[in-house]
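S.K.: Below: one structure in structure tokens.
The values are calculated or read from the model by the stated rules, or taken from the named source; none is laboratory data. None of the values given here were measured: they were computed from a predicted structure. Cβ sites come from the backbone with ideal geometry, for glycine too, and all protein chains shown count toward neighbours. We work out accessible area using only protein heavy atoms, side chains counted, and drop any ligands, DNA or RNA first. Shrake-Rupley method; radii C 1.70, N 1.55, O 1.52, S 1.80 Å.
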Amino acid sequence: MKDDYLSELNEPQRKAVECTEGPVMIIAGAGSGKTRVLTYRIAYLLTHGVDAFQIMALTFTNKAAREMKSRIETLAGSEARNLWMGTYHSVFARLLRMDAPRLSYPSNFTIYDTEDSKSIIKSILKEQNLSDKTYKPSTVLARISSAKNNLLSWQAYNQDSELVNSDIQAGRPMMGKLYELYSKRCFRSAAMDFDDLLYNTYLLLDRFPDLLHKFQSKFRYLMVDEFQDTNYLQYIIIRRLAALHENICVVGDDAQSIYAFRGANIQNILSFGKDYPDHKVFKLEQNYRSTATIVNAANSIISQNKKQLPKKIWTANDEGNKIKLLRALSDNEEGSIIADIIYSEQMTHDYTYRDFAVLYRTNAQSRALEEALRRRNIAYRIYGGLSFYARKEIKDMLAYFRLAVNPHDEESLKRIINYPVRGIGQTSIDRLIATAGESEVSLWEVICNLDHYKSGISGGIKTKISAFADMIRSFNVMLVKQPAYELAMHIANHSGLLRELYHDKTPEGISRYENLQELLSAIREFTETGNTPLPGPDNETPADDSRTLDAFLQDIALLTDNDNKKEEEDKNRVSLMTVHMAKGLEFKQVFVAGLEENLFPSQLSLVDRDDLEEERRLFYVAITRAEKKLYLSYASTRYRWGNLIGCEPSRFLNEIRPEYLDQPVSAQFDSFQETSHNVWNEKAVVRKNNFTGAAQGRFKPVGKTVNPAPVNDFESDDPRKIVTGMEVLHARFGKGKVLSIEGGYPDIKATVFFQGHGTKMLLLKFARLKIV
DNA sequence: GGAGGCCTCGGAAGG
DNA sequence: CGAGGCCTCC
């Protein structure tokens, strides 16, 4: 009875679920029920006598972990909460919280995000008088990151003549030194960056055999999702952990590896076979998601790649519709066509907005799509963009919280020592940092002992610094006895941050204040219910420890995506996102926009064969998101950094066998049927706008204006009325004069007279007009 | 300390 | 073109 759910699986899926002992590799094609197999496998272990805390399951994202965990709970009961399930970073951070003191780190170490890391590098560059042009912080960080992911400490890095020479060749001889300084600075701040969470876990297991043995015995079963996106270091760690029991199960699909540019290593799939010669392989090749046409088209594309594991994805689903090719004259028209189809599909068929997704290669493409959807009042949601916890005001508040927990955290200290303003200027801060660096102690250490360290700071400022230190210390003292919410409120009020934002009555200021309130409510909820957005297993956390601000910070440190936005996801909206973000999702109808050479595939990938193969896998991921209908669209012109450029259809379109398409791929656009939306909506630049009358001072031209010309008299502030009579410059027709207009700000359709070209209907862009 | 000017640069993105 | 960083000026 307890195994009822197994009947929902097909033969290969069931075998993969039931083969729990020994090394197992599951190759799971797109739409083959990969997540289902993984969840059922864990549920199967739980219902067959394995304790949840003996299972470690690693996922690619927090979201995947959360979803899988709740599904396991419905299958196998609340015991599932005790699983060690999460991302590599969250699971390893939890290990490190237990044993970091072995590495001379405190258990309450701070976790630095990428922004913190870059900021450290910037300040090191400044101190070392190095240019951030030759040493771009992102490049330096990437180099350090890749060193750690190849198990190279800064000492080992500097002894590796090949690396040192390649840095010298690249004109960056100081790279090794920067790695050293960066590592030391993180250590002094009692902080780890994302890579340290992996690297230090490795060190812990490598240096301390007792710990290695402890964890090896504890975790009898290991499972790894999205194995194709695992990097070398991650693989080394799980191999170590699995060495005793060798119950290791990896699940992945080489055809969907789209993160090689970030260190993911498909090679791991091959290494697995060598490292575990007696491993079993299960291939999940039946696709349940898509129509036969879509599956076949996807196969015809991916087969162009040389590097791939042999497998044959098939489906028993209906043939379905042919793939629709959409050709547009411009990026804006592409948006219009897509929006029109979405509108009519949901009107005439049994579809609703949430069934649609528009996928694109670059974020910049979203603008034209958004405008088209907005114009038709179609609700949409853009995935990606700035996450809640990345906002300035949130990071400021969190910096206070982090300092209360760990005052040595230099990045947080620098961030808020003079925010709100308390008269500690940049010069003083620089002096303090320099002093800390010379004495090799933390910034906090210097601030607490101003008279001991010779920093050259005057008495008056010393007093201010000491007052700040006293405040932080008082927060720190409250940490142990105050519940998270009360302490957070106390800090928000006594730091002056809340007051600072309360008095800012600009729209942005109000929004920032609201965001802070939202953060405080989240902490309140955490304090009252213990709920955090992160699926952290809590069985080993002492109960009295679980509602402190410290615990809250730990829970959110590794949370970056738009989580706890449950109600957002319930809304009925069209989804807009990059193909990368779409991995793991599925939609009834999918549009892939911008299928043009140099865009998808991106021009940066065309130099390198491997990059092109990854680009093709990306395309494969895009089209396999579709269940029922797939549309591929391309435009003949597109705005790129303000310039209109000509585009050709993507080579990928020609790699699809023509029988799966509704029409041949063609670069000819002449025969395209005009609709009300695609007449002449190419952008024109407004050349002239010296406003007079009522609009003067209300509308301000942003950017350069040329050739001033008289503007019609007007009474209204309505920019639509201002436009008439204006001179515009068009990419194709040159200068013209606006005769009449329709529509609304900021996109106004105008009839324009061009000498030699007659009158044309144009879309005028008013993005350059700012209301003041 | 904040607003505005000038310069640079431009792929995608989890933790 | 537009975002972000840095510099200057008030």
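S.K.: Give the residue that is nearest to the chain's Cα centre (by Cα), with candidates limited to residues of region A:47-61 that are under 16 Å from A:T230 (Cα atoms) and open to solvent by 10 Å² or more (accessible area, probe 1.4 Å). Before the answer, list the steps.
M.R.: Let us first name the residues in region A:47-61 that are under 16 Å from A:T230 (Cα atoms), namely A:56-61.
From what's left, open to solvent by 10 Å² or more (accessible area, probe 1.4 Å): A:60-61.
Numbers: A:F60: 12, A:T61: 10 Å.
In this case the residue turns out to be A:T61.
S.K.: Please give the number of the condition A:T427 fails out of (1) among the polar types (S, T, N, Q); (2) within 16 Å of DNA strand B (Cβ to nearest atom); (3) under 23 Å from A:T114 (Cα atoms).
M.R.: (3)
S.K.: Considering each of A:Y88, A:Y105, A:Y112 in turn, give the residue that is touching a residue at least 40 places away in the same chain (Cβ under 8 Å), over 30 Å from A:T39 (Cβ atoms) and within 15 Å of DNA strand B (Cβ to nearest atom).
M.R.: On the way: A:Y88 fails: over 30 Å from A:T39 (Cβ atoms); A:Y105 fails: within 15 Å of DNA strand B (Cβ to nearest atom).
Of A:Y88, A:Y105, A:Y112, the one residue that is touching a residue at least 40 places away in the same chain (Cβ under 8 Å), over 30 Å from A:T39 (Cβ atoms) and within 15 Å of DNA strand B (Cβ to nearest atom) is A:Y112.
S.K.: Evaluate the following for A:A292: is it among the aliphatic types (A, V, I, L, M), open to solvent by less than 70 Å² (accessible area, probe 1.4 Å), touching a strand residue (DSSP E or B) at 6+ places or on another chain (Cβ under 6 Å) and at pLDDT below 95?
M.R.: no
S.K.: Continuing with this model, one more query. Find all pairs meeting these conditions: Cβ atoms under 8 angstrom apart; at least six residues apart or on different chains; first residue within region A:363-388 and within 13 Å of DNA strand B (Cβ to nearest atom); second residue among the aromatic types (F, W, Y) and in a strand (DSSP E or B).
M.R.: Listed pairs, sorted by first residue: A:S366/A:Y360.
S.K.: Next question. Of all residues in region A:81-122, which are hydroxyl-bearing (S, T, Y) and either away from DNA strand C (no atom under 16 Å from the Cβ) or surrounded by 20 or more Cβ atoms within 10 Å (Cβ to Cβ) (or both)?
M.R.: A:T87, A:Y88, A:S90, A:S104, A:Y105, A:S107, A:T110, A:Y112, A:S117
S.K.: Please pick out the residue among A:Y199, A:Y135 that is open to solvent by less than 50 Å² (accessible area, probe 1.4 Å), more than 26 Å from A:Y235 (Cα to Cα) and within 15 Å of DNA strand B (Cβ to nearest atom).
M.R.: Result of the check over A:Y199, A:Y135: A:Y135.
S.K.: Checking A:R36 against (1) in contact with a Leu (Cβ under 8 Å, 6 or more places away or on another chain); (2) open to solvent by 50 Å² or more (accessible area, probe 1.4 Å); (3) not in a helix (DSSP H, G or I), which single condition isn't satisfied?
M.R.: (3)
S.K.: Go through A:I72, A:I168, A:I120 for me and flag whichever is closer than 30 Å to A:A404 by Cα and among the β-branched types (V, I, T).
M.R.: A:I120
S.K.: If you go through region A:620-641 one residue at a time, do you hit one that is within 13 Å of DNA strand B (Cβ to nearest atom) and closer than 30 Å to A:Y351 by Cα?
M.R.: Restricting attention to region A:620-641, the residues satisfying the condition of being within 13 Å of DNA strand B (Cβ to nearest atom) are A:621-622, A:639-641.
Next, from what is left, pick out any that are closer than 30 Å to A:Y351 by Cα: A:621-622.
Yes, region A:620-641 contains a residue that is within 13 Å of DNA strand B (Cβ to nearest atom) and closer than 30 Å to A:Y351 by Cα.
S.K.: Under 6 Å between Cβ atoms, which residue pairs at least 6 apart in sequence (or on different chains) link something in region A:53-68 that is closer than 26 Å to A:A243 by Cα with a partner that is of a type in the set (D, E) and near DNA strand B (Cβ under 9 Å from one of its atoms)?
M.R.: These pairs meet every condition: A:F60/A:D229.
S.K.: Now, a different point. For A:L151, work out the one condition from (1) on the phi < 0 side of the Ramachandran plot; (2) surrounded by fewer than 19 Cβ atoms within 10 Å (Cβ to Cβ) it doesn't fulfil.
M.R.: So the condition that A:L151 fails would be (1).
Per-residue answers, yes or no, for (1) surrounded by 17 or more Cβ atoms within 10 Å (Cβ to Cβ); (2) among the hydroxyl-bearing types (S, T, Y); (3) touching a helix residue (DSSP H, G or I) at 6+ places or on another chain (Cβ under 6 Å); (4) at pLDDT 90 or above:
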position	(1), (2), (3), (4)
A:G437	yes, no, no, no
A:W444	yes, no, no, yes
A:S466	no, yes, no, yes
A:V477	no, no, no, yes
A:I491	yes, no, yes, yes
A:L501	yes, no, yes, no
A:K505	no, no, no, no
A:F526	yes, no, yes, no
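S.K.: Do you know which residues across region A:291-305 are over 29 Å from the mean Cα position of the chain (by Cα) and either among the aromatic types (F, W, Y) or in a helix (DSSP H, G or I) (or both)?
M.R.: Scanning region A:291-305 gives A:A292, A:T293, A:N296, A:S300.
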